[in-house]
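Remarks on the structure that follows.
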Amino acid sequence: FAAIIGNSIPASLAKLFSIGRLPFAIVAGALLYLAFSFATQCIGLVERKTHQSGLGNAPLITDTSLWLRGPNSKLQSTDDSPLAGFKPGITAAEEISKKPKILPRKSKLTPPNDSLFTVFYNLFIPTEAISAANAVEVLTEQLEQVAGSLRRFEEGEKNSKSAVVYYNLIGNNEIYPMEKISDLCKSLHPGLSCQLLNFFETASEAATLLDIYQFCQNDDKASVQRTNNDTRVVYIHSKGSYHSSTHNNNWRREMTNSVLHQDCLFPPNDACDVCGAQFYTRFSFMFPGNMWT
């Protein structure tokens, strides 16, 4: 980088500071790097503040930009988030081993005992009419995928199957309110029950991820379907409802199909802890696109 700059600056400019081209380029490169680092940190701070100010009552599990910025980023939290109680100015590397303060739900989620699986759905519907119409198409398609999974399990069996979808609605609750979503689920499959958890004007996926965490931490094991050790939950979100594109739509369909596949819901040897379309160990242990069972 310094060599490129060194070859591109006039010799007269370097002579102005009584140094050669290369030393001048090294100094200029270092200053540019410092300016870039400062700018990205400022952007990260603005992202965190904007993210938190728009959450309202929606709790956070983690601050998204914190983990993207790396281990030296400063931890930010609000008093009513699950991160409340973390010391200001402590880096992520110092706090990553500590358990966040999770705010418990007022009531525990209790799926019917005959539910084949439990889905947690983070649903975003924009306020703009055209974008909202696209989001409803995404909603309908994903619920049809859930219903289709139920029908596949029913093939060759006499008894019908059932499943429950717990969802958080974010953005717009007027174009497709709770009653319409419930009716849609029943029309797609009589055994599909869709239950609204919360509505947020502004929130992130963290709101629904927190609900999954609390559901899986439920001490009342008798209230959870199947047995204590083999309860499986599915996490999906309406990818493409905010940024609609062919790429996002195709990616969403594949991720949703994968997590609802019988090999994810009921692996042949039941030794799988987590399942999805892809699993990465680079950067961190993650499923690109963030859908999993």
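Structure values in brief
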quantity	calculated
Burial order of peptide ranges 259-268, 153-162 (average beta-carbon count within 10 Å, highest first)	259-268, 153-162
Rounded percent of accessible protein surface that carbon and sulfur make up, the stretch 136-217, 1.4 Å probe	48 percent
Separation in nanometres of the label points that stand 7 Å from Cα toward Cβ, at Arg253 and Val27	5.9 nm
For His237, distant residues with modelled amide H under 5 Å away	Asn122
Å² of accessible area per residue within the stretch 124-175, as computed with a 1.4 Å probe and no ligands counted	47 Å²
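The values are calculated or read from the model by the stated rules, or taken from the named source; none is laboratory data. Since the structure is predicted, the reported quantities are computational estimates derived from the model, not experimental observations. Backbone-built Cβ (ideal geometry, glycine too); neighbour counts: all protein chains shown. Note: areas computed on protein heavy atoms with side chains; ligands, DNA, RNA excluded. Shrake-Rupley method; radii C 1.70, N 1.55, O 1.52, S 1.80 Å.
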